[in-house]
Each structure stands twice: as structure tokens, then as C-alpha cells.
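J.: Quick one: the structure is below, questions incoming.
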Amino acid sequence: MINCFRTRTSPRLKQHILASSRRCKFQQSRLYSFNHKSRFWNEPRSIFKDESLSNVCGHLSFCLLGASYVTQDILSLRCLAMGGISLSIVFQYFRTLPLWIPIRWNSLFLAINGFMVAFLVKERTEANLMAPWQRQLYETEFAHMGFTEVEFCRLLETSKKLKKAKGAMVCIEGVPQDKMYFVLSGEIEVKSKGEAAASEHLTRTIATITDNSFIGEMTFLAHLQEISAQPAAEVATASCVCSKETEVLEWNFSDLVMYLKLPANRGVANALQAKLSNDLRLKLKTLNRRQTEKNIRT
């Protein structure tokens, strides 16, 4: 029979049969080698109540993923997710036959989370390195209103730091206004006399704005509430003139609204509206007190 096989089989077929035999032996040796190497992970361990290290990694993976669901800090959430995914890859790889489909998908998710963690760390590092005047402004005026350091830095990125000379007009009553200001240092007088065009024609001073106060926030809030596809221009309700050299932060309405409407900046939008509302409340409280004192004197 063997002689018959040898005589009737072509040389090409013999080579094919021998090559197939070698491949089978090679695959068997690879499987044996993998099982031998993964024995450390798959053998039961008494310290884990007869659970293998691979199964322990699987349990820890689900524990970390469960912890990420109840974590509010986004950076901690992503770090826990990365730990859970890494352990799940270990669990899925050290099997009799590795589960390649979930391993590949989890590797992709691990890379995405790693990129986002790097981005969040970069943001927080930059926030920790803010300038001294920014740090002081954040701690005294914005931290207690719900801003995080990162959100405060995002808000500053949309502003311009300007110096206004004495006598400069910040806004004019009755004229369309598209900018909001925050006074860093200096003094601005708020005046009102119908349609004013120049500072020398403004006779009645309503209030004096000093450090750490907004100007134009009422107009901005009205613009924010009534904004549409083609929003109407909001006019200033009073005129503001610098009584001495003043340093301010300036925001353009359209740029600021576009920035606040981004999904990633919802926290900034809520905190800013709370800050503006609180600023208006303090101004109204001051005006009411002054009006009461004036009525008592008269």
C-alpha cells in the first residue's frame, strides 16, 4: 500500500502533504506553549478561594467599572475606566483560546480614554499655572460661585484684557451694545440722561463701579434670553465713562454666546449666569440703600 502511494503520488502533492503536516505540528506546539505560559494565570490560587489570577482580573475589572459609574469627577472616572478595561483585556487574553474580538475593541476604548485623560491633565495643569492676578481673581470672585479652575480659565480665554483711559466711554445709553466688561482696577461712573452722545452732556450719576464688578451684564442677559437666528441688537440702559484710568476684561456678546452654547461649556454657562445674577443683586441692593438714605435726608 505504501509502495502504491509512493508510486502514484506526484512530487508536488507529496510536498503539499509534508508542508501541511509541518504546519499542524507547529500550531500544536504554539497552542501547547501558550497553554503552558498561561498556566500561571489559569491555575486556581488558594489565596483567592480557588480562583485563577485571570478570573480575579475579571472580577476587579467589573469592580473598577462599577466604581466609575458613581464617580462625579470626569478625570477619576476615565482613570477607573482605563483600569477596568486593562484588567478585562488580561482576563480575555489568558483563556484556552483568547477572545480576540473584545480584546481589540477594548484596546480601542483604552486608547480613546488615554487620549482624553491626557487632554484633561493638560487642562488642569494649565489651570494650576495661571498668572498671580488670575489666581487672586478666581479665589476672591469666581470660586465661590461654582467655577472650577478649568472653567475659569476657559472663560478668560474668550476675553480681552484692555486699559481704558480717563474719560473713555465704555457704553452709551440708547446705543446698541455688543460687549460686556469686568472691572479689574479703576473706576467707572454710570450716568443716565436719555439719549447721550458725549461724556460732557451726562449730568446725572447713578452709581460708581469699582473693582470686581461687571458692566453691561443686564444687556448681555437680555441678549442671551432673546437670542434667535437673527437676534435684535440690545441697547445700553445707561452710559458708562471712566473717571480714571481703568483696566477691564472685555467679552464680545456673539463670541461669548457661541462659546457658552458648546456642550462642553454648560458648566461655565451656568456658573457665569449665577455670577452675573449675583452681581446685579448686589448693585440693586446698593442702589436701594442709597435711595433710602437719600429719602431719609430729604
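The values are calculated or read from the model by the stated rules, or taken from the named source; none is laboratory data. For clarity, every value in this text was computed on a predicted model and none was experimentally measured. Every residue, glycine among them, receives a Cβ derived from its backbone with ideal geometry; neighbour counts consider all protein chains shown. Heavy atoms of the whole protein, side chains included, go into the accessibility calculation; ligands, DNA and RNA do not. Shrake-Rupley method; radii C 1.70, N 1.55, O 1.52, S 1.80 Å.
J.: Check every one of the helices (runs of 4 or more DSSP H) wholly within region 7-125 and list those with 3 or more residues that are at pLDDT 80 or above, of a type in the set (S, T, N, Q) and farther than 30 Å from residue 153 by Cβ.
T.: Output list reads 53-69, 74-93.
J.: Considering region 242-282 alone, what residues qualify as being out of contact with any helix residue (DSSP H, G or I) (no Cβ under 9 Å at 6 or more places or on another chain), under 20 Å from residue 185 (Cα atoms) and in a helix (DSSP H, G or I)?
T.: 282
J.: Follow-up question, since we're still on this one. Considering region 126-140 alone, what residues qualify as being assigned to a helix (DSSP H, G or I) and either out of contact with any Phe, Trp or Tyr (no Cβ under 9 Å at 6 or more places or on another chain) or closer than 18 Å to residue 75 by Cβ (or both)? Break it down into steps so the answer makes sense when it comes.
T.: Of region 126-140, the ones assigned to a helix (DSSP H, G or I) are 126-128, 132-140.
Those that are assigned to a helix (DSSP H, G or I) and either out of contact with any Phe, Trp or Tyr (no Cβ under 9 Å at 6 or more places or on another chain) or closer than 18 Å to residue 75 by Cβ (or both): 126, 127, 128, 132, 133, 135, 136, 139, 140.
J.: May I pose another question? Looking only at region 257-273, which residues are within 21 Å of residue 234 (Cα to Cα) and surrounded by fewer than 16 Cβ atoms within 10 Å (Cβ to Cβ)?
T.: Correct list: 258, 261.
J.: Moving to a separate point now. Mind listing just one residue for me: the one in region 274-298 that is modelled with pLDDT under 85 and hydroxyl-bearing (Ser, Thr, Tyr) and, of those, least open to solvent (accessible area, probe 1.4 Å)?
T.: The residue in question is 286.
J.: The conditions are (1) touching a Gly at 6+ places or on another chain (Cβ under 7 Å); (2) of a type in the set (A, V, I, L, M); (3) open to solvent by 20 Å² or more (accessible area, probe 1.4 Å), and residue 180 fails exactly one of them. Which is it?
T.: Single failed check for residue 180: (3).
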